[in-house]
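Engineer: First the structure, which I've put down as structure tokens, then a few questions once you've had a look.
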Amino acid sequence: MPSVGEMLAAERRRQGKSVNDVVDGTKIRSRLIDALEGDHYDRLPSPAYVKGYIQSYARFLEIPVEPLLDQYRLEATNVERPASPTDRYLDIPHETLVPSKERQHAIPRKVWVATAAVLIVVVLLICGLTWLFGGNATPPLPASTKGVSSGEVTASPGAEPTTTGTTFKLRITAMKGSASWVHVVVDGLTGYEGTLQGGDSREFLVTGTAVVKAGKPSALTVTRDGVTVKIPSGGKTPQLTLSATK
């Protein structure tokens, strides 16, 4: 029976894909792909990591995973792997690198520090103008009253934000039985980067621009306010750009 590496390499060639295509779609380094296809298990990290590579590779090629894992278990029993602390520096399967929801939407410390500094400068500038012109300057309206005068809806405490003409909801879902690497930038900040497995989804509220890059667009469903949009094909990494003004 062919080895795991031989089956993966044969299917990759049958589909007309290169090793670089696999690297782009799974984010596994090329040297590890070469070692896996060549059955050089002594060049790979511990079996737990190798199983993750096999799963990611199989899902990228859209072939059954279990027969490959069963064959790997048979092959791995005959492999002598010297214990080495360098294993911890090797690539961990990408599925384990998906950040938590809190980290996905966390604002970097430098951003909010810079924002606070700008607000302080604006307040000082307004105070200075008020003093300079004899106190006739009118301070800006609070957010709660400004919404009433401009016709905007002001959200009550605990209520979800209301979608306006310059805001939309972006949702990305991996189709069942498929997987794809995804990189999402929302309003200039990274909202998500990782591999979405079948059935997984991520949702974002976009007020400006969203950029979606995907290793395998055909494995994803992308919607804007519930309306399906397609990621254009072509290029090394397909990319979709959505603007709140369009």
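Engineer: For region 156-243, what does the equivalent ellipsoid look like in terms of its semi-axes, each the square root of 5 times an eigenvalue of the Cα gyration tensor, given largest first in whole Å?
Structural biologist: 23, 15, 11
Engineer: Round to the nearest 0.05 the FRET efficiency obtained for Asp200 and His40 when R0 = 30 Å and r is the Cβ-Cβ distance.
Structural biologist: 0.40
Engineer: Taking 7 Å along the Cα-to-C-beta vector as the label spot, tell me the Thr77-Lys176 distance in nanometres, rounded to one decimal.
Structural biologist: Calculated label separation equals 3.4 nm.
Engineer: Let me ask you something else. Using the count of nearby Cβ atoms within 10 Å as a rough guide to exposure, how do Met1, Met175 rank from fewest to most?
Structural biologist: Met1, Met175
Engineer: Among Glu37, Glu11, what is the fewest-to-most ranking by other Cβ atoms within 10 Å?
Structural biologist: The order, fewest Cβ neighbours first, is Glu11, Glu37.
Engineer: Could you give the nm distance between label points at Thr167 and Leu124, where each point is 7 Å from its Cα heading toward the beta carbon?
Structural biologist: Taking the simple label geometry, Thr167 and Leu124 are separated by 3.2 nm.
The numbers here are math on the coordinates, done by the rules we state, and not lab data. Worth saying up front: this structure is predicted, and the values here are computed from it rather than measured. Cβ atoms come from the backbone with ideal geometry, glycine included; neighbour counts cover every protein chain shown.
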